[in-house]
Structure formats: C-alpha cells, structure tokens
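See structure below.
The values are calculated or read from the model by the stated rules, or taken from the named source; none is laboratory data. Keep in mind that what you see is a predicted model, and the values were worked out from it rather than measured. Here the Cβ is made from the backbone with ideal geometry for all residues, glycine too, and neighbour counts use every protein chain on show. Each accessible area value is taken on the protein alone, full model and side chains, heavy atoms only, with ligands, DNA and RNA left out. Shrake-Rupley method; radii C 1.70, N 1.55, O 1.52, S 1.80 Å.
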Amino acid sequence: MAEFINFYLIPGLILGSIYALGAIGITMTFGILRFANFAHGETMTLGVYIAWSLVQLTGIKSLVPILLVLMPVSMMLTIMIVLLIDKAFYKPLRASPVIILVIASFGLMLMIRSVTQFSWGVQLKTILPGIQPRINLLDFLSFPLKHVFIVGGALLLMYAVHHVLTYTKIGKAMRAMSDSPELARLTGINTENVVMATWVMGAGLACAAGVFLAVDTQVDTMMGFKILLPMFAAAILGGVGKPYGAMAGGLVIGVAEELSSYHWIGDGPLLNPGYKQGIAFAIMIIILLWRPTGLFKGKSF
Amino acid sequence: MRVLELDNVVGGYGDTQILHGVSMHVDAGEIVVIIGPNGAGKSTAMKAVFGLLKLTDGSVLLDGEAITNTPPEKVVRHGVCYVPQTGNIFPSLTVEENLEMGAYVRVDDFKPRLKEIYEMFPPLLEKRQQAAGTLSGGQRQMVAMGKALMLEPKILLLDEPTAGLSPKFRGEIFETVKKINRAGTPILMVEQNAKQALGIANRGYVLVDGKNRFEGTGKELLNDPEVAEMFLGGGKQSHKTGKA
Amino acid sequence: MDPVLYGYMLYGISLLTVGGMYAILALGLNVQWGFTGLFNAGIAGFFGIGAYTAAILTTNPHASHVGGLQMPYIVSAITAMLVAGIIAFLVGKVCLKLRSDYLAIATIGIAEIFRLIVNNETWATNGPRGISQIPRPFEGLPEPINQVAFLGVVLLTLAGVYWLMEIARKSPWGRVMTAIRDNETSAKAAGKNVETFRMEGFVIGCMIMALAGALMAHYLKFVNPQTTDPLLATFIVFVMLVIGGSANNKGAILGAFLVWTLWSASEIVAPRLLEAIGMTDAGIRSAYVRIFLIGLLLQIFLQKNPQGLLPETRPSSPGKNGS
C-alpha cells in the first residue's frame with residue numbers, strides 16, 4: 001500500500017498536474033486559433049531554460065524564491081517571446097487553412113528547439129541541485145517537500161485560469177470564441193485580443209509546467225517534446241477547447257502512466273516502463289475511437 | 001426616417017455571383033420581411049448588409065452613411081446586430097454570459113439593459129445560470145435575439161428565426177419579434193414561413209434569382225395572387241387547385 | 001583518377017543516392033499532403049517501419065535480433081510496403097474521419113511508438129544498438145561501380161514511383177482526390193466516398209515511404225532508432241515538398257534534391273562560418289543553426305510562396321473542352 005502510494009500514485013499526481021497545466025494551453029489554442037500547436041512543448045522547454053538562466057544569474061538556490069520570484073519572471077519572458085513568434089509566424093497565416101498553421105507550428109517546434117540547443121547546449125542541467133527534504137506522514141506516506149509546492153502551485157494556477165475564464169470579460173470572450181469563432185466575430189468581439197490572451201495564458205502555463213517538471217526531474221532540451229503527446233492526449237481526452245477537461249485529462253494521463261508499471265498482477269510491472277510514454281497515445285486512440293469529442297464534450301471536427 | 005438602405009447591391013462569394021442587383025430599405029419602426037424561393041439570395045442579401053460577402057457594385061447605407069463592405073466586427077459597432085440562422089449562441093456559456101457577450105462592444109454600464117432584456121424574455125431570467133446549449137430551440141432563439149439586443153441596435157437583422165422550430169414555438173418567436181419591434185427596434189428578417197411573417201410585417205420584398213421581384217406592404221403581398229401562388233403555398237394553393 | 005576528383009565523384013554519387021531516396025519520400029508525402037490534403041507528421045515512423053522490415057528480412061541470421069531470413073530484395077521491399085500499408089490503414093481507420101489535425105497528432109504518435117518498440121523489443125530489433133550488416137545490392141562489385149549501380153537502383157525506383165504517381169494524378173482517381181482536397185462538401189455532394197479516397201491516398205503514401213525506408217536500410221547497411229529521428233525523416237521531407245511545390249510530382253523531386261543539396265552543403269559550410277566568427281563548439285552548434293535556417297526557409301515559403309517553386313498544374317481533362 002505504502003509503496004503504491006509513494007512510488008506510483010503520488011508521482012502520477014505530480015506528472016498529472018504538470019500535464020494538466022500544459023494541456024490547458026494546447027486545448028485553448030486548439031479551440032480558439034483552431035490548430036494543434038506542435039510547438040507547445042518547445043515553449044515549455046524554452047521557459048525552463050529561461051528559468052535556469054535566471055537561477056544561474058541570481059544564484060538563488062532554494063525552491064520557494066525560485067517558484068515565487070524567478071518562475072513568474074520566466075513566465076513573463078516566455079509570454080513575450082511567444083507573442084513575438086505569433087506576430088512573425090502565425091499572424092500572417094491567420095487566414096490560411098488550419099493545416100498550414102499546423103505545419104508552421106511543426107516548423108517552429110524545430111526552430112525553437114534548435115535555438116534552445118544552440119544557446120544552452122544539450123547537456124542535462126538541474127534547477128534545484130542537491131538532496132531535497134522529504135515529508136513523512138502517518139508512518140507510511142513519504143514524499144519530497146517539493147511535491148507539495150508543485151501540486152500547490154499547479155492548483156493555484158488552475159484556480160487562476162478558472163477565475164479568468166469565469167469572471168473576466170476577456171476570459172468569457174475566450175470561451176465564447178472557443179465555442180464559435182464565427183459568432184464571436186459577428187458579436188463584435190475583438191478576436192485579435194482574444195488570440196493574444198490565449199497565447200499569454202498558454203505560454204505562461206507552459207513555462208510554469210516546465211519549471212515544475214524541471215524542479216521534479218532535470219532540465220533537458222527534449223523535455224517539452226517528450227510530454228507533447230501526453231498533453232495532446234490530455235486535451236483530446238478532456239474535449240478540445242475545454243480547459244477544465246484538459247485539467248482532468250492531464251491528471252488521468254499522468255496517473256495512468258505511472259500506475260501502468262505497478263505490479264498489479266504478479267511480481268513484475270504490468271507494463272514495461274519503457275512503454276510508459278505509449279500510455280498517453282493508447283488512451284488517445286481509445287478516446288478517438290469511442291468518443292472523439294472527449295469526456296467533456298468538446299468540439300467534434 | 002430611413003434606417004437602412006440597400007441600393008442595387010451586386011456581389012457573391014468568390015467567383016459565384018449571387019446578388020444581381022438587390023434594392024431594399026427599412027424605415028424607423030418597421031418590420032420588413034424578405035421572402036423568396038430557395039437559393040434566391042435572401043440570406044445573402046442580409047449578409048451583404050453585415051459585410052459577410054464582397055459587394056462588387058451598389059451600396060449599403062446606414063442612417064444615410066455608406067457602410068458598404070465594412071467587416072462585420074465594425075458593422076456591429078455601427079449599431080447593426082445580426083442573428084444568423086444557426087450557430088447564433090455560445091452553447092457552453094451561460095445565458096447571462098451570452099447576453100454579456102452581446103454587450104461586448106459597449107463601454108458603458110450594460111446592467112440596466114440586461115434587466116430590460118430579462119423583462120422582455122422572462123424565461124431567460126430563470127435560466128440565466130444555465131449553459132445556453134442546454135435550452136430548448138425556442139429559448140435559444142430568445143438568447144440569440146436577447147444577445148443581439150444588448151447593444152440597443154439601430155436595426156436588428158434576423159435570418160430565419162423560426163427555422164426548425166415547431167409551430168407552437170414559431171408563433172412565440174413571431175410574437176417576440178413584434179414585441180422587440182414595439183419596443184423601438186426596426187427589424188429586417190428573412191423567413192421561410194412567408195405567410196406568418198408577412199402577417200406581422202409592415203412591408204415585404206420577394207427576391208428571385210438574386211433580384212427584386214415584388215415588393216409591397218405585408219397585406220399587399222399576402223393578397224397578390226402571383227406571390228401567393230409562388231411562395232405562400234398552404235391554404236391558398238389548395239384552394240386554387242380545388243377550383244381548377 | 002585524381003584522388004581529389006575521385007572523392008568529389010563519390011560525394012556526388014552519395015548526394016544523388018540519398019537525394020533520390022528523399023525524393024521517393026517526398027513523392028509519398030505528395031500523395032498525402034499534396035493531393036489529398038492529409039498532414040502526416042509521422043513520416044519517420046513509416047520510413048522506419050520500411051527500414052526495419054527490410055533489415056530483418058534480408059540480413060544473415062544473427063543472435064542479436066529476429067529474422068535474418070536472407071530474403072531477396074524485392075520480397076523484402078514488398079513486405080516493407082505491406083507492413084506499412086496495414087499500419088497506415090489502422091491509423092487511418094481511427095483518424096481520417098476526424099479533422100486533419102488529429103491525423104497529424106496520431107501519426108507523430110505512431111512514429112514515437114515505433115521508436116519505443118525498436119528501443120524496447122531488443123529480441124527483435126537489438127534495441128538501441130540497431131541491426132548491422134544489412135546487405136546492399138551490387139555491393140560485391142568493385143568501387144565505385146557498386147556505388148553507381150546502387151544509385152541506379154534508387155533512380156530507377158524513383159522513376160518508377162514517379163511514373164505511377166503521374167498516371168494516378170492524371171487518372172479520374174487523382175482528379176477526385178484533388179476535388180476532395182479542395183472542396184470536401186461538394187465532393188461528398190457529388191456522391192464520392194471521401195473517407196475511402198482519403199484512406200487510399202494515406203495508405204499509398206505510407207507504402208511509398210516504407211519503400212524509401214527499405215532502400216535507406218540497404219544503403220546505410222545499418223539501422224538503429226536514430227534512423228527514424230523525427231527531424232530528418234519527417235521535417236525535411238515537408239520542407240522539400242512545400243518548397244518544391246506540393247501537388248506537383250516534379251516539384252516534389254526538385255524540392256528533394258534541392259533541399260538535400262542545400263542541407264549537405266550547409267553541413268560543410270556552416271561549421272566553418274561559425275568558427276570564423278569565433279564561436280566555440282562550432283561543429284555541434286552549426287547543426288542547430290542549420291535546422292533553424294531550414295525551418296525559417298519553410299516559414300518564408302508558407303507565407304510568401306505557399307505554392308512552391310513548381311506550382312500545381314491541373315491535368316487537362318477530356319471533359320473540360322466540351323463544357
């Protein structure tokens with residue numbers, strides 16, 4: 001039991017929170033700009049490297065100031081870069097067929113990655129070096145303190161997303177445009193502002209998710225790409241254009257990935273951990289076959 | 001006073017020309033109905049007002065000023081509201097959020113207007129926190145119209161508001177249209193149910209093949225044997241065949 | 001022969017050989033993206049399926065992996081295409097009725113899953129170490145005749161694929177394909193079974209990609225998971241097709257040779273340029289500069305010249321003269 005919770009369930013929830021944050025941006029871009037953004041994972045990686053550089057620059061080595069000070073600054077820098085990318089590469093294609101935008105984002109995925117690899121090299125790095133304190137509870141629960149901050153931070157950001165989408169004019173306009181871009185235009189909603197807000201939200205959350213992942217594991221130029229497929233799967237599972245669906249989808253995929261290698265039957269892992277990354281894909285295929293609109297009734301294209 | 005005028009409008013989508021010279025106008029306080037066979041360009045004429053298709057000739061005037069080929073997001077700001085036939089609400093937003101979106105371009109306080117809209121459509125007040133997509137067809141039309149009225153538009157354009165509704169709801173919608181009009185908003189409406197629509201209209205236009213064919217007051221068109229034969233169908237037609 | 005000249009000649013042969021294999025890949029993608037409007041983001045996967053199938057079927061028996069069946073080249077090529085075709089069919093079944101983005105996501109997923117399988121199923125694929133000693137046609141001949149002969153095999157295959165694709169393009173089938181791509185609604189209204197046509201385009205394209213993969217396995221005499229690196233195998237092919245001219249088979253071939261030449265030349269030029277401006281690690285870093293520039297080239301073409309160098313030409317239809 002203790003093993004199950006400490007080594008499978010808790011890591012699953014951590015991974016799930018990270019996927020959830022990343023998938024919100026994917027699903028909102030999918031819903032509002034109407035395309036699957038392949039560069040989203042690289043946005044995340046870029047954000048992580050910006051944060052890593054800030055850590056080196058300031059010499060801050062402890063978790064709380066990294067999350068409270070450096071992470072927001074990195075989020076802002078990532079957002080600025082993504083807005084520039086939108087202006088240079090996506091905006092000129094706004095009237096093009098959706099699939100051209102997908103190709104453009106595919107190209108940007110490699111362009112951003114090459115910039116990251118050029119600037120920072122491909123060696124593994126760490127944001128939070130050294131051994132981290134653990135928390136022991138109720139005799140059997142044991143997890144690193146940083147997990148508390150990751151889950152807490154993710155919940156806080158998700159609440160912020162909820163607040164923006166429910167109570168602000170631009171947030172409501174984002175949901176409206178995700179429902180129907182055509183009607184949003186007929187209603188006089190300033191669609192360019194909504195597009196900008198979408199990038200701001202997506203890029204900010206991607207950077208945060210990346211920093212959480214980097215705090216939990218390591219900094220690596222492929223880290224964003226490695227979780228691109230799980231984020232897509234989370235967005236599709238939750239229903240495209242549905243931010244709450246993406247959050248739930250992210251948690252489901254994260255937990256499912258970790259639980260897949262638990263020894264449910266016999267002594268060995270149920271699934272070879274080498275195939276963990278395949279879980280997201282399998283869930284995605286099942287949902288596409290069974291209910292393409294996702295659990296939360298998103299768009300059916 | 002002339003609110004809206006289309007003067008010999010020509011246009012279409014891409015290479016396909018649909019409107020070959022359509023003229024019509026709406027005066028203050030009027031309900032004007034466009035009827036005609038399928039493919040006559042009724043909805044297209046309405047979209048022409050809203051900047052949804054490229055006009056190659058002719059002009060659209062609002063309060064005497066040209067708004068020809070103005071994109072829809074700007075036409076809204078001029079005080080023209082358009083309710084498309086389908087996809088006219090944001091289904092995942094609540095009823096109230098839909099109405100708020102209707103007021104998106106307003107910078108002043110729209111709360112009093114919201115109250116007026118709820119007074120005009122009492123069923124919406126009850127369901128204000130419900131996702132608009134979960135409402136019945138008739139109530140969705142109310143949301144769509146209410147959303148458009150949030151702007152207190154100079155003119156309201158309705159594209160087949162009764163399409164797909166049962167006769168009972170259809171009657172309700174026509175009553176609503178009359179109510180909106182009595183409250184001071186001129187209305188230009190495309191309708192398939194020509195007879196009922198002409199019954200509440202001040203005037204009507206009959207479009208055929210992208211051109212004006214007939215025009216007159218609602219009564220005139222209802223009583224015109226040619227119009228009756230072509231478009232009104234129903235009782236009158238069977239009456240005729242009975243005679244023959 | 002002068003050794004320097006001889007070196008250049010070998011370089012030229014290898015440029016044409018690899019360029020030819022990319023041209024076959026680009027023709028495969030052209031059926032999907034150019035004529036059918038499908039975005040296959042997992043070219044690498046189908047290419048890899050072809051490469052591994054050929055490797056397993058034609059090598060000598062070896063303890064490190066299955067197969068070693070010593071099959072004739074033609075049998076292995078056909079099997080590679082069939083395997084890819086079947087997998088493409090299954091992917092298509094799931095995704096083709098959905099919007100184009102889903103196919104892109106699912107195909108990149110297939111490519112990743114394929115990589116997981118070749119990395120993990122060591123008994124079959126020898127894992128990350130890969131399969132070596134894959135035979136190559138004509139390798140017994142003296143150099144450089146063997147190289148030229150293999151180039152001949154590649155170019156003949158390319159010519160064959162091109163010829164078939166041109167017939168397909170001009171056939172009624174090809175015309176229906178482009179009609180669906182341009183206006184799905186009206187094609188549906190005309191009674192065409194859109195999903196079936198898309199499936200045919202998708203499966204044929206993937207089979208051609210597997211054929212290119214089989215050729216590549218024989219050429220390199222070695223495959224490992226890196227052979228299906230999503231960058232080179234997927235992205236460059238897209239750049240080739242977009243620049244050459246999608247929906248134009250000649251454009252696909254032109255784009256493939258052009259981009260491959262640029263890419264190879266930049267491999268020589270870029271590190272020297274970086275070194276000249278005093279950059280450290282110029283050799284490693286130049287690779288990233290090249291990727292960035294090729295990405296930029298793609299973006300410029302998407303924005304300024306989406307038709308590519310050789311725009312689509314419609315086959316003259318016999319019916320057109322009458323109407």
Could you calculate the FRET efficiency of B:K211 with B:T56 from 1/(1 + (r/R0)^6), where r is the beta carbon distance between them and R0 is 22 Å, rounded to 0.05? 0.90
How much of C:R136 can a 1.4 Å solvent probe reach, expressed as accessible area in Å² and rounded to 10? 40
Once all protein chains are kept in place, C:K250 shows an accessible area at probe 1.4 Å, nearest 10 Å², of 110
Quick check: with the 1.4 Å probe, what order do A:V151, C:V176 take by accessible area, largest first? A:V151, C:V176
Got a sec? What order do A:S74, B:S92 fall in by accessible area at 1.4 Å, biggest, i.e. largest, first? B:S92, A:S74
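At 10 °C and a viscosity of 1.306 mPa s, what translational diffusion coefficient does Stokes-Einstein give for region C:230-313, taking Rh as the Kirkwood radius over Cα pairs? Give it in µm²/s as a whole number. Provide the component values of the computation, followed by the final result.
Numbers: Rh = 13.3 Å.
Using the Kirkwood radius from Cα pairs, D works out to 119 µm²/s.
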Student exercise, chain C dipole from Lys, Arg, Asp, Glu Cβ charges, in Debye to nearest 20: 900
Evaluate the distance, in nm, between pseudo-label points positioned 7 Å from the Cα of C:R129 and of A:D267 along their respective Cα→Cβ axes. 2.6
Quantify how strongly other chains surround peptide C:111-118 by giving the mean number of their Cβ atoms within 10 Å of each of its Cβ atoms. 3
Near A:L33, within a Cβ-to-Cβ distance under 10 Å, what is the net charge of the other residues, with Lys and Arg +1 and Asp and Glu -1? +1
Net charge near A:F225: determine it from the other residues with C-beta under 15 Å of the C-beta of A:F225, scoring Lys and Arg +1 and Asp and Glu -1. -1
Can you give the angle from 0 to 90° between the axis of helix C:145-170 and the longest principal axis of chain C, with both taken from C-alpha atoms, to the nearest 10? 10
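Leaving out ligands and nucleic acids, and using a 1.4 Å probe, what accessible area per residue does region B:87-152 come to in Å²?
Dividing the accessible area of region B:87-152 by its residue count gives 40 Å².
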Summed buried accessible surface, chains C and A, 1.4 Å probe, nearest 100 Å²: 3900
Any chance you could give the angle, 0 to 90 degrees and rounded to 10, that helix A:191-216 forms with the longest Cα principal axis of chain A? 10
So how much accessible surface do A and B hide from each other in total, probe 1.4 Å, in square angstrom to the nearest 100? 1800
Relative contact order, percent, of region A:1-157 when contacts are C-alpha pairs under 8 Å separated by at least 6 residues? 34
Nearest 10 degrees, 0 to 90: what angle lies between the long axis of helix C:249-276 and the longest principal axis of chain C (Cα atoms)? 40
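Rounded to the nearest 0.05, what FRET efficiency do C:E121 and A:E192 have when you use their Cβ-Cβ distance and R0 = 45 Å?
On the way: r = 49 Å, r/R0 = 1.10.
Step by step, r from the Cβ atoms, then E = 0.35.
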Relative contact order (%) - criterion: Cα under 8 Å, at least six apart; region: region C:230-313: 44
For B:72-81, mean number of other protein chain Cβ atoms within 10 Å: 3
The local net charge around B:V107, scoring Lys/Arg +1 and Asp/Glu -1 for residues other than B:V107 whose Cβ lies under 14 Å from its Cβ, equals +1
Carbon plus sulfur fraction of accessible area for region C:230-313, probe 1.4 Å, in percent: 68
Using a 1.4 Å probe on the protein heavy atoms, what percent of the accessible area of region A:221-283 belongs to carbon and sulfur? 71
At 7 Å along Cα-to-Cβ for each site, give me the label-to-label distance between C:L164 and C:E275 in nm. 4.5
So for the protein assembly as shown: antiparallel DSSP bridges make up what percent, rounded to the nearest 5? 65
Considering only protein heavy atoms, what is the solvent-accessible area of A:W264 at a probe of 1.4 Å, reported in Å² to the nearest 10? 130
How large is the helix-only mean residue ellipticity at 222 nm for chain B, computed as the sum of -39500 (n - 2.57) over DSSP H runs with n ≥ 4, divided by its residue count, in deg cm²/dmol to the nearest 500? -10000 deg cm²/dmol
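For the full complex of protein chains and a 1.4 angstrom probe, list A:T58, A:T168 by accessible area with the highest value first. Walk me through the numbers before you get to the answer.
Numbers: A:T58 75, A:T168 40 Å².
Reading off the accessible areas and sorting them downward yields A:T58, A:T168.
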